[in-house]
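A.B. asks: Below you will find the structure I want to go over with you.
The values are calculated or read from the model by the stated rules, or taken from the named source; none is laboratory data. This is a predicted model, so every value here is computed, not measured. As a convention, Cβ positions derive from the backbone with ideal geometry for all residues, glycine included, and neighbour counts pool all protein chains shown.
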Amino acid sequence: MIELKNKEQLARMRTAGRIVAEVLEIMKEMVRPGMTTEDLDRAAEQHILKYKAIPAFKGYNGFPATLCTSVNEQVVHGIPGLRVLKNGDIISIDCGALYDGYYGDSAITLPVGEINGECQNLLTVCEESLTLGIAQAFKGNRLYDISYAVQYYAEENGMSVVRDYVGHGIGRRMHEEPQIPNFGKPGRGLRLEIGMALAIEPMVNLGGYEVETLKDNWTVVTKDHRASAHFEHTVAITENGPEILTRI
């Protein structure tokens with residue numbers, strides 16, 4: 001069942017989304033060679049707790065940290081720890097916060113120092129695919145209009161979209177219906193309605209779309225070990241079109 005959010009609920013989600021957006025802005029300032037992923041996680045948790053909000057990922061199905069930090073060939077769900085970031089790495093940072101009963105969820109992929117042109121293009125394409133997906137989040141459109149926009153742009157640029165992991169509805173729970181694949185045929189899927197809140201999150205690979213999970217049972221990597229990027233926003237469908245809730 002999909003819960004349509006009213007104005008009061010969306011106001012709470014804006015606050016949760018703003019907290020997450022602020023964390024990711026802090027990450028942009030912090031990410032550099034020599035930092036550990038644990039350093040990033042500690043700073044993120046401190047910022048969320050400052051608002052008396054709750055880190056949404058910590059403890060979720062046993063996940064041990066506030067952030068998911070996924071480096072290079074890691075796609076999603078990387079666990080922060082003692083890994084030291086190196087010049088030329090890319091790092092995907094996924095953050096969620098629970099505030100006043102509602103969730104915000106967003107992700108970015110950042111360069112560490114100077115990165116090569118191939119990786120920079122990956123980041124650009126993945127972020128733009130998110131923008132194009134969000135642009136389809138209008139009342140009356142179909143769910144897979146979002147999916148197709150993401151897939152078409154990524155594949156036109158010679159990349160692939162991960163198929164094993166998808167975006168999702170969000171609100172009182174971090175993961176709600178509907179699931180939002182990053183691939184599909186336009187004009188299919190449920191019809192979008194005002195009040196839907198969606199976490200749209202392209203995961204784009206330089207190589208093939210196949211992935212596997214490491215022995216920690218969390219970290220997802222590309223099977224061909226080529227780089228992957230991940231961008232995400234929480235978006236509400238409103239009378240005036242899509243509204244990004246995870247921004248400052």
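A.B. asks: Among 86, 5, which is the only one that is of a type in the set (D, E, K, R), modelled with pLDDT of 95 or more and touching a strand residue (DSSP E or B) at 6+ places or on another chain (Cβ under 8 Å)?
C.D. replies: Working: 86 fails: touching a strand residue (DSSP E or B) at 6+ places or on another chain (Cβ under 8 Å).
Among 86, 5, only 5 is of a type in the set (D, E, K, R), modelled with pLDDT of 95 or more and touching a strand residue (DSSP E or B) at 6+ places or on another chain (Cβ under 8 Å).
A.B. asks: Oh, and also: Given the criteria polar (S, T, N, Q) and surrounded by 19 or more Cβ atoms within 10 Å (Cβ to Cβ), does residue 179 qualify?
C.D. replies: no
A.B. asks: Across region 67-77, what is the total count of residues that are in contact with a Cys (Cβ under 8 Å, 6 or more places away or on another chain) and either surrounded by fewer than 24 Cβ atoms within 10 Å (Cβ to Cβ) or within 22 Å of residue 118 (Cα to Cα) (or both)?
C.D. replies: Going through region 67-77 one residue at a time, the tally reaches 2.
A.B. asks: How many of the residues making up region 112-137 are in contact (Cβ under 8 Å) with a residue 60 or more places away in the chain, within 25 Å of residue 85 (Cα to Cα) and not in a helix (DSSP H, G or I)?
C.D. replies: 2
A.B. asks: Then there's this: Would you confirm, using the coordinates I've provided, whether residue 171 is over 18 Å from residue 14 (Cα atoms) and among the small types (Gly, Ala, Ser)?
C.D. replies: No: the conditions fail for residue 171.
A.B. asks: Would you call residue 165 under 20 Å from residue 148 (Cβ atoms), outside any strand (DSSP E or B) and in contact with a Ser or Thr (Cβ under 7 Å, 6 or more places away or on another chain)?
C.D. replies: Against the criterion (under 20 Å from residue 148 (Cβ atoms), outside any strand (DSSP E or B) and in contact with a Ser or Thr (Cβ under 7 Å, 6 or more places away or on another chain)), residue 165 does not qualify.
A.B. asks: A further question follows. Report every pair of residues separated by at least 6 positions or lying on different chains whose Cβ atoms are under 6 Å apart, first residue within region 49-69 and over 13 Å from residue 105 (Cβ atoms) and touching a residue at least 24 places away in the same chain (Cβ under 8 Å), second surrounded by 15 or more Cβ atoms within 10 Å (Cβ to Cβ) and among the acidic types (Asp, Glu).
C.D. replies: Here the result reads 65/41, each pair linking region 49-69 to a residue that is surrounded by 15 or more Cβ atoms within 10 Å (Cβ to Cβ) and among the acidic types (Asp, Glu).
A.B. asks: Report yes if some residue within region 88-97 is touching a helix residue (DSSP H, G or I) at 6+ places or on another chain (Cβ under 7 Å), among the small types (Gly, Ala, Ser) and outside any helix (DSSP H, G or I); otherwise report no.
C.D. replies: yes
A.B. asks: Please go through region 44-66 and pick out each residue that is farther than 22 Å from residue 229 by Cα, crowded, with 16+ Cβ neighbours inside 10 Å and of a type in the set (A, V, I, L, M).
C.D. replies: 48, 53, 54
A.B. asks: In region 220-244, what count of residues is obtained for those that are under 17 Å from residue 169 (Cα atoms) and aliphatic (A, V, I, L, M)?
C.D. replies: Total meeting the criteria: 4.
A.B. asks: Something else about it: In the list 34, 17, which residue meets the criterion of being exposed (fewer than 13 other Cβ atoms within 10 Å of the Cβ), of a type in the set (Gly, Ala, Ser), within 20 Å of residue 69 (Cα to Cα) and touching a residue at least 12 places away in the same chain (Cβ under 8 Å)?
C.D. replies: Unique residue meeting the criteria: 34.
A.B. asks: Considering only region 144-177, how many residues are in contact (Cβ under 8 Å) with a residue 60 or more places away in the chain and among the aromatic types (Phe, Trp, Tyr)? Spell out how you get there, then give the answer.
C.D. replies: At the first step, the residues of region 144-177 found to be in contact (Cβ under 8 Å) with a residue 60 or more places away in the chain are 162, 165, 167, 169-174, 176-177.
This time we only want the ones that are among the aromatic types (Phe, Trp, Tyr), so: 165.
Total satisfying the criteria: 1.
A.B. asks: Somewhere in region 213-225, is a residue closer than 22 Å to residue 11 by Cα, buried (at least 20 other Cβ atoms within 10 Å of the Cβ) and in contact with a His (Cβ under 6 Å, 6 or more places away or on another chain)? Please lay out each step first, then the result.
C.D. replies: Filtering region 213-225 down to residues closer than 22 Å to residue 11 by Cα leaves none.
No.
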